[in-house]
Amino acid sequence: MDKLLIRGGRELRGTVQISGAKNAALPQMCAALLTTERVTLLNVPRLRDIATMRQLLDNMGVKTQTHGERGGLTLCAANPISPEAPYELVKTMRASVLALGPLLARFGEATVSLPGGCAIGSRPVDQHIKGLQAMGADITVEHGYMIARLAAGQTRLRGARITTDMVTVTGTENLMMAATLAQGETILENAAQEPEIPDLADMLIKMGARIEGHGTSRIRIQGVEKLHGCEHQVVADRIEAGTFLCATAATGGDVYLKHGRADHLEAVIEKLRDAGATVTAVQDGIRIQSSGRLQAQSFRTTEYPGFPTDMQAQFMALNCVSSGTAKVTETIFENRFMHVNELVRLGAKIQIDGKVSVVEGVEKLSGATLMATDLRASAGLVIAGLMASGDTLVDRIYHLDRGYDQMEAKLQAIGADIERVK
Ligand code: UD1
C-alpha cells in the first residue's frame, strides 16, 4: 500500500495549477445519463473517485472516453442503458447515489445500492428519497438496494415543491437533475448553494434545461421533454485550492494558485488573513504569502458560503502550530475529528468535546508515522507533516488519491520534500 514520506520544514514557493473540482465533475458525469447525445466535459481531474464514477457509468452501458491534455471526458448514454448501480461500486464512493435522479427521470426506473456507513458519519440519503417520492416515484428498499420506479399510470416524474429537512449538496443535485425532465415545475427550497450547484445548473442549461435561482436557496426548474448534448468546463476545485492555501500558510512562503477562485473561498481566506497571512485575488488565481508564526483561528463549519467542512482538517493542522488557542466546531458531520488523534501523535495539543475541538498552538510538531482515515483528514495530515521536524510517514493514502489530483507532484514542484513510497 502506498505511503507518503514527508521531510518537513521547507517553505513552499512557486505556482500550483488548480484542477477541476471532483465534487462538480461527479454530478456532471451523471448528468450525461439525461440525454442520448454526447456530453463533453473539460478540466476533469485525474483521481480515483472520477475513475470509479466512470466505471459505474461504463457498467450501465454509457460509452466514456478521455481525450486531450485538458482533462477531456466524453460520455454518451445512448440506448441501451441498464439503470443499475451495484453495491461493489457504490460502497467505495457515496457520490454514486447521484445516478439515481437522472436514471429515474430518463428511464422511469433505477436500482441503486444504498451507500451504507462512512468514516465521517452515518450520511443517510433519506432526503434524496423523500424528494423523488414527492415527484411521484415509488421507492422501496430491498436487499440493500433502493428500487425506484414511477408510480402506476405515470410516464414521467412530475414537478413538485420540495423543502429538504437540511441543506444537502448531493441531494440538491440529484433532485435538480431529476426535475429537468419532469412534467411541470419543481421548486427546491432550502437548496444547497455550494459553487458546484450553479456549475451543474449551467451545464444542464446548456443541455436545454430551464433552471432559475441556482446559487440561492430556492431553485426553480421547469421540466422539458428532452435534453441534448453539450460541452462544459468543470469549475476549479475550491477545496484543492483551500488545501494549498493552508499548506503555504503553515510552512511559510509565496504561492500562486493558478485558476483558483478566491470568490469561492471567502470564509477560508478571511480566516487566513485574520491569522496573519496575505491572500490576494489576482489575475486568474489566488496568491498567498506567509511568514512567521500565525495566530490560531476559531471557526465553525457550515453550509456554503460558510466555512466548508471539507477544509476543517487542513485548517486545524495550521492551528496546531499557531500562537494562541482556537475552538473548531464541526456542525455538518458527527464524526469528523478522526485526524485529531493523529495530529496529537505529532505533538499537537487538542481536546475534543463533542462537536468542538480546542486546539492550543504549540511551537513545533515532530514527525511520526500517521494513519490517514478519510479524504480531507489525509490532507490535514500532509499539511502537518510539511510543518513537522524530521520525517512523517502518512499511511493509507488511497484516501488522498480519491480526491486530490497528483498532490505530491504539485507539492514537490513548489519545494516540498515529499515522496510516494511503497
Ligand atoms: C457533499 C460533498 C462532501 C461535503 C458535503 C458537505 C460531494 C460528492 N460531496 O457530500 O465533500 O463534505 O457535501 O459540504 O459533493 N443528510 C441527511 N440526509 C440526506 C442527505 C444529507 O441526513 O438525505 C445530512 C448528512 O448526513 C450531513 C448533512 O446532511 O450531516 C449534509 O450532507 P450533504 O450536503 O448531503 O453531503 P453530501 O452531499 O453527501
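The values are calculated or read from the model by the stated rules, or taken from the named source; none is laboratory data. Computed from a predicted structure; not experimentally measured. Cβ coordinates were reconstructed from backbone atoms using ideal geometry, including for glycine residues, and neighbour counts include every protein chain displayed. The protein model used for the area step is the full one, side chains on, heavy atoms only, and it has no ligands, DNA or RNA in it. Shrake-Rupley method; radii C 1.70, N 1.55, O 1.52, S 1.80 Å.
Residues that are in a strand (DSSP E or B) and charged (D, E, K, R) within the range 263-291 comprise just one, ARG287.
Being more than 10 Å from the ligand (Cβ to nearest atom) and either on the phi > 0 side of the Ramachandran plot or polar (S, T, N, Q) (or both) is the filter here; which residues of the range 159-176 pass it?
Let us first name the residues in the range 159-176 that are more than 10 Å from the ligand (Cβ to nearest atom), namely 159-163, 175-176.
Across the range 159-176, the qualifying residue is only THR163.
Hey, can you tell me all the residues within the range 147-157 that are among the basic types (Lys, Arg) and either within 11 Å of ALA105 (Cβ to Cβ) or open to solvent by less than 40 Å² (accessible area, probe 1.4 Å) (or both)? Steps first, please.
Here is the first cut: in the range 147-157, the ones among the basic types (Lys, Arg) are 149, 156.
Answer for the range 147-157, where residues must be among the basic types (Lys, Arg) and either within 11 Å of ALA105 (Cβ to Cβ) or open to solvent by less than 40 Å² (accessible area, probe 1.4 Å) (or both): just ARG156.
Evaluated against (1) at pLDDT below 95; (2) farther than 26 Å from ASN335 by Cβ, THR111 falls short on exactly one condition, (1).
Given the criterion within 18 Å of the chain's Cα centre (by Cα), more than 21 Å from ASP374 (Cβ to Cβ) and away from the ligand (no atom under 16 Å from the Cβ), identify the matching residue among LEU42, LEU34. If you could, list the steps in order and put the result at the bottom.
Details: LEU34 fails: within 18 Å of the chain's Cα centre (by Cα).
Answer to the selection: LEU42.
When GLY68, GLY61, GLY72 are screened for being more than 25 Å from ILE332 (Cα to Cα), touching a strand residue (DSSP E or B) at 6+ places or on another chain (Cβ under 6 Å), surrounded by fewer than 21 Cβ atoms within 10 Å (Cβ to Cβ) and without any contact (Cβ under 8 Å) to a residue 60 or more places away in the chain, only GLY72 passes.
The set of residues from the range 178-204 being within 16 Å of the ligand (Cβ to nearest atom) and of a type in the set (S, T, N, Q) comprises ASN190, GLN193.
So, in the range 82-94, exactly how many residues are closer than 11 Å to VAL125 by Cβ and in contact with a helix residue (DSSP H, G or I) (Cβ under 7 Å, 6 or more places away or on another chain)?
Initially, the range 82-94 is screened for residues closer than 11 Å to VAL125 by Cβ, giving 90, 94.
Next, only the ones that are in contact with a helix residue (DSSP H, G or I) (Cβ under 7 Å, 6 or more places away or on another chain) stay: 90.
Here the count works out to 1.
Total residues in the range 119-146 satisfying the condition of being free of Cβ contacts under 8 Å to residues at least 60 places away in the same chain and either within 12 Å of the ligand (Cβ to nearest atom) or surrounded by fewer than 17 Cβ atoms within 10 Å (Cβ to Cβ) (or both): the figure is 17. Residue-level check: of (1) open to solvent by less than 10 Å² (accessible area, probe 1.4 Å); (2) closer than 13 Å to ALA377 by Cα; (3) of a type in the set (S, T, N, Q); (4) out of contact with any Asp or Glu (no Cβ under 9 Å at 6 or more places or on another chain), ASN341 misses just (1).
Taken residue by residue, the range 317-338 has at least one member that is at pLDDT 95 or above, open to solvent by less than 30 Å² (accessible area, probe 1.4 Å) and of a type in the set (Asp, Glu).
Residues that are crowded, with 19+ Cβ neighbours inside 10 Å and in a loop (DSSP other than H, G, I, E, B) within the range 369-409 comprise ALA372, THR373, ASP374, ALA388, ILE397, TYR404, ASP405, listed in sequence order.
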